[in-house]
1. Identify, please: which residue in the stretch 75-104 is more than 18 Å from Asp267 (Cβ to Cβ) and modelled with pLDDT of 95 or more and is, among those, most open to solvent (accessible area, probe 1.4 Å)?
2. Against the condition buried (at least 20 other Cβ atoms within 10 Å of the Cβ), under 30 Å from Ser235 (Cβ atoms) and modelled with pLDDT of 85 or more, how does Pro47 come out, does it pass?
3. So Ser227 passes all but one of these: (1) within 14 Å of Ile196 (Cβ to Cβ); (2) hydroxyl-bearing (Ser, Thr, Tyr); (3) buried (at least 21 other Cβ atoms within 10 Å of the Cβ). Which condition number does it fail?
4. Run down Ser250, Ser261, Ser235 and say which single residue is in a helix (DSSP H, G or I), open to solvent by less than 60 Å² (accessible area, probe 1.4 Å) and without any contact (Cβ under 8 Å) to a residue 40 or more places away in the chain.
5. Give the residue, chosen from Asp138, Asp143, Asp190, Asp163, that is at pLDDT below 95 and surrounded by fewer than 18 Cβ atoms within 10 Å (Cβ to Cβ).
6. Lys60 fails exactly one of the following numbered conditions: (1) part of a helix (DSSP H, G or I); (2) modelled with pLDDT under 95; (3) open to solvent by less than 50 Å² (accessible area, probe 1.4 Å). What is the number of that condition?
7. Pick from Arg194, Arg201, Arg246: which is within 25 Å of Ile166 (Cα to Cα) and among the basic types (Lys, Arg)?
8. Scan the stretch 108-135 residue by residue and report those that are within 15 Å of the chain's Cα centre (by Cα), over 20 Å from Asn44 (Cβ atoms) and open to solvent by less than 10 Å² (accessible area, probe 1.4 Å).
Amino acid sequence: MYIIRHHCTQVVIMHSAIHKIINSTENRVKKLYELKNDSIPLDNSTPNTQNIINSILSKKQKGKAPIISEVKPASPSMKIRDIDPTEAKRIATEMEKAGAVAISVLTEPEFFNGSTDNLTAVRENISIPVLRKDFIIDKVQFDEVKSDLILLIAGLLNEKLEDFIIYARSKGFEPLVEVHNEEELLNALDTSARIIGINNRNLTTMQVDIATTEELIPIIKEHDRMSGTEHLIISESGVHTADDVRRMISAGADAILIGTSIVKNDDIYSKTKELVDALD
């Protein structure tokens, strides 16, 4: 088990799989520092945050489910399919044609078989926003590859979360801050995060329950009501069917990130469209 101590001294025990992923990521970070003098930092730009948010809300207003579909070769528990940059481009193009509002690309190489090359291939060939999904634990990772959105996991960054949010924006990324429980959510709501992803996976047991989204959304809504803020809410993990999509939208999710059920399907276009059209 992997132990993380939150800023409020609460101790959270994470599954050994997370420990292994973090160890692997730390090794990747060391290599990035070794290569840093030979690399060219990415150009800084202002993230097109409002356009990203508006495109999601607009999709919902048109009666379609805002689906962020994911180029996902594997998870720690299973391989889904071989995805090289050419295949990543093909899959993402099908997802975009089917109405996905954004594309998430896994770049973690050891446990998810992802790559930054896949992300680059996707971003160069589609017109909708691209999310980089990885375990970001060090600022040097922001110079690896360009994307529109970048995943920041509240349970890994803890008291460093706001600093990483600000730094991400300075480098041209809009952060999607991911939470798994109420403690992480309260930490995220105490930052300048605009987009919050609720991951339905319990990082202690690795079990998935989409009721997590239903439990946490009211906390965000009440916070926004009391504070005059407005967060975009994305439900992640465990959504497989049109019924699941309708359930998450009814709970108040603005968008849903879906990987496995789309990528394992032989017809990427049809499966994506089925989920986008779930509200029809």
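1. Top of the filtered list is Thr86.
2. Here the answer is no, as Pro47 does not meet what is asked.
3. For Ser227, the failing item is (3).
4. Ser261
5. Asp143
6. Result: Lys60 passes all but (3).
7. Arg194
8. Across the stretch 108-135, the qualifying residues are Glu108, Gly114.
The values are calculated or read from the model by the stated rules, or taken from the named source; none is laboratory data. The structure displayed is predicted, hence computed values, not measured ones. Counting neighbours? That spans all protein chains shown, and the Cβs are built from the backbone with ideal geometry, glycine included. Surface areas here come from the heavy atoms of the whole protein model, side chains and all, with no ligands, DNA or RNA. Shrake-Rupley method; radii C 1.70, N 1.55, O 1.52, S 1.80 Å.
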